[in-house]
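Below is one structure, written out as structure tokens; the observations come after it.
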Amino acid sequence: MLVSLALLALGVLTAAVAPRLLSRADWAEREPVVALWVWQCVVAAVLVSFALSMTFSASAAWQAVRGQVFAPAPHAVIEAYELGAGGPWSAALAVLLAAAGLWSGAMLGREIGLARARRRQRRCELLVRAPLLPGEEAAGGERLVILEGERADAWWLPGGAPRLVITTGALRRLKGRQLDAVLAHEQGHARARHDWLLHCSGALAEGFPGVPVFAAFRGEMHRLVELAADDVASRRFGRLTIALALVELNEDRGAFGRAPGPGTGLPQRVDRLLAAAPRLTAARRLRLTAAAALVPVVPVLVAFVPALRALN
């Protein structure tokens with residue numbers, strides 16, 4: 001039972017401390033891809049901690065579970081975990097964590113279902129506004145769709161038949177290589193499968209609105225995927241080109257006024273592109289990536305401490 005409580009405390013501590021530490025990191029905007037990886041590892045560590053805590057609590061509460069989890073373990077290892085010392089608290093904790101896990105899965109399924117419904121609706125609207133020509137067959141790969149519209153806009157529509165949509169208003173406003181930069185930005189989202197990151201973060205935040213780490217995870221995913229896609233475009237066409245393209249696409253929406261809309265982040269994105277802060281060195285990026293990969297391993301090591309001591 002002590003191991004279960006230790007894992008639970010580790011998950012709570014990680015959920016409380018990690019967002020504060022990451023919010024103070026000065027390198028996240030310079031390396032959004034690394035920051036995305038770090039956030040995923042932190043959330044994975046929290047989930048692994050809770051899952052292992054549930055497993056040990058269930059093992060302490062019910063003999064049937066214990067027999068499955070510790071079937072190949074020597075008797076000394078089973079004794080080291082003191083599984084009989086939990087009492088009714090073990091069953092209550094196991095049920096609570098199992099319910100949280102099922103709720104997370106249900107919210108993820110709901111998020112994916114809603115996203116698919118939205119995509120189907122947008123595809124139907126797209127087919128009405130841009131129908132296939134007589135004799136034209138639906139393309140199986142990426143397809144560029146141009147819509148008639150005064151509003152400058154461009155977006156990626158993921159799915160089995162992905163579409164890259166751009167309006168004629170955007171074509172009129174974007175000059176030179178700005179259009180290519182916008183297309184590269186949207187393709188960067190598609191190739192990195194950013195939609196799945198947004199689904200997972202949204203499901204956790206909606207399922208557990210009172211947990212700060214999940215709310216911060218969702219907010220940072222929305223911000224960092226845009227920065228990462230900006231970097232994809234800037235490496236091919238230059239920072240100034242994608243910055244000017246963002247201004248052209250969003251200037252009429254009031255995104256750069258004195259009171260920009262909440263959550264846009266567009267002025268900060270443009271300032272970041274124009275500032276052209278240098279990237280971290282390859283060695284530091286590698287160290288950050290490796291250190292983040294070790295974070296989810298910590299709860300696994302904590303779970304195996306009693307077993308390793310018993311075998312020594």
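The values are calculated or read from the model by the stated rules, or taken from the named source; none is laboratory data. Just so it is clear, the structure is predicted and the values come from calculations on it, not from any experiment. In this analysis, Cβ positions are derived from the backbone assuming ideal geometry, glycine residues included, and neighbour counts consider all displayed protein chains. Surface areas here come from the heavy atoms of the whole protein model, side chains and all, with no ligands, DNA or RNA. Shrake-Rupley method; radii C 1.70, N 1.55, O 1.52, S 1.80 Å.
Taking only C-alpha pairs under 8 Å that are 6+ residues apart, what is the relative contact order of the chain in percent?
Here the relative contact order equals 26 percent.
Label-point separation (nm) for Val247 and Gln268, each offset 7 Å from Cα along Cα-to-Cβ?
For Val247 paired with Gln268, the spin-label model returns 2.1 nm.
Could I have the simple spin-label model distance between Val305 and Glu148, label points 7 Å from Cα toward Cβ, reported in nm to one decimal?
Label at Val305, label at Glu148, 6.9 nm between them.
Angle, helix 194-207 long axis vs. longest principal axis of the chain, Cα atoms, 0 to 90°, nearest 10?
50
Using 1/(1 + (r/R0)^6) with R0 = 45 angstrom and r between the beta carbons of Asp180 and Val69, what's the FRET efficiency to the nearest 0.05?
It comes to 0.25.
If we restrict to alpha carbons, what Rg and Dmax does the range 1-124 come to, in Å?
Rg then Dmax for the range 1-124, in Å: 19.2, 63.
Compare Val182, Val77, Val128 in a GNM of the chain, Cα atoms joined below 10 Å, and give the one with the largest fluctuation.
Of the options given, Val128 has the highest mean-square fluctuation.
GNM, the chain, Cα, under 10 Å: largest mean-square fluctuation among Ala76, Ala152, Ala203?
Maximum among the listed residues: Ala76.
Could you tell me how many degrees, from 0 to 90 and to the nearest 10, lie between the Cα long axis of helix 266-275 and the main elongation axis, the longest principal axis, of the Cα atoms of the chain?
Compared with the principal axis, the helix lies near 80 degrees.
So what's the range 167-222 giving for Cα Rg divided by 2.2 N^0.38 Å, two decimals?
1.58
Which order do you get for Asp231, Asp271, Asp180 if you rank them by accessible area with a 1.4 Å probe, largest at the top?
Greatest to least solvent exposure: Asp271, Asp180, Asp231.
Taking the Cα centre as origin and putting +1 on Lys and Arg beta-carbons and -1 on Asp and Glu beta-carbons, what dipole magnitude results for the range 1-124, to the nearest 20 debye?
The dipole magnitude comes to about 980 debye.
For Leu147, enumerate residues with amide H under 5 Å from its amide H, sequence gap 5+ or separate chain, H modeled in the peptide plane.
Ile166, Thr167, Thr168
Between Leu21 and Thr281, what FRET efficiency comes out of the Förster formula 1/(1 + (r/R0)^6) with R0 = 25 Å and r the beta carbon distance, rounded to 0.05?
0.75
Have a look at the DSSP beta bridges in the chain and tell me what percent are antiparallel, nearest 5.
45
Rounded to the nearest 500, what is the 222 nm mean residue ellipticity of the chain from helices alone, with -39500 (n - 2.57) per DSSP H run of 4+ residues and division by all residues?
Calculated mean residue ellipticity at 222 nm is -23000 deg cm²/dmol.
Using a Gaussian network for the chain with springs between C-alpha atoms less than 10 Å apart, which of these wobbles most: Gly11, Gly101, Gly176?
Of Gly11, Gly101, Gly176, the Gaussian network model singles out Gly176 as fluctuating most.
Given DSSP loops and a limit of at most 15 other Cβ atoms within 10 Å, what is the longest stretch of the chain that contains no such GluC sites (Glu not before Pro)?
Formally, the longest exposed-site-free interval is 151-312.
For the range 13-75, what does the alpha-carbon gyration tensor say about shape, rounded, prolate or oblate, given a ≥ b ≥ c as the root eigenvalues, a/c under 1.5 as rounded, and a/b over b/c as prolate?
It is prolate, given that a/c is not under 1.5 and a/b is the larger ratio.
Classify the chain: rounded, prolate or oblate, from the alpha-carbon gyration tensor (a ≥ b ≥ c, eigenvalue square roots; a/c under 1.5 rounded; otherwise prolate if a/b is larger than b/c)?
Prolate shape, in that a/c is at least 1.5 and a/b is the bigger ratio.
In the range 1-42, what chymotrypsin sites (Phe, Trp or Tyr not before Pro) fall in a loop by DSSP, with at most 11 other Cβ atoms inside 10 Å?
Answer in residue order: no site qualifies.
Between Leu240 and Ala44, what is the label-point separation in nm under the 7 Å Cα-to-beta-carbon projection?
Placing both labels 7 Å along Cα→Cβ, they lie 4.0 nm apart.
Kindly identify the range 265-312 as rounded, prolate or oblate by the Cα gyration tensor criterion: order the square roots of the eigenvalues as a ≥ b ≥ c, call it rounded if a/c is under 1.5, otherwise compare a/b with b/c, prolate if a/b is larger, else oblate.
Because a/c hits 1.5 or more and a/b fails to exceed b/c, the range 265-312 counts as oblate.
Between Ala9 and Arg122, what FRET efficiency follows from the Cβ-Cβ distance if R0 is 35 Å, with the result rounded to 0.05?
0.20
If I fit a long axis through the Cα atoms of helix 212-237 and take the longest principal axis of the Cα atoms of the chain, what angle between them do I get, 0 to 90°, rounded to 10?
40
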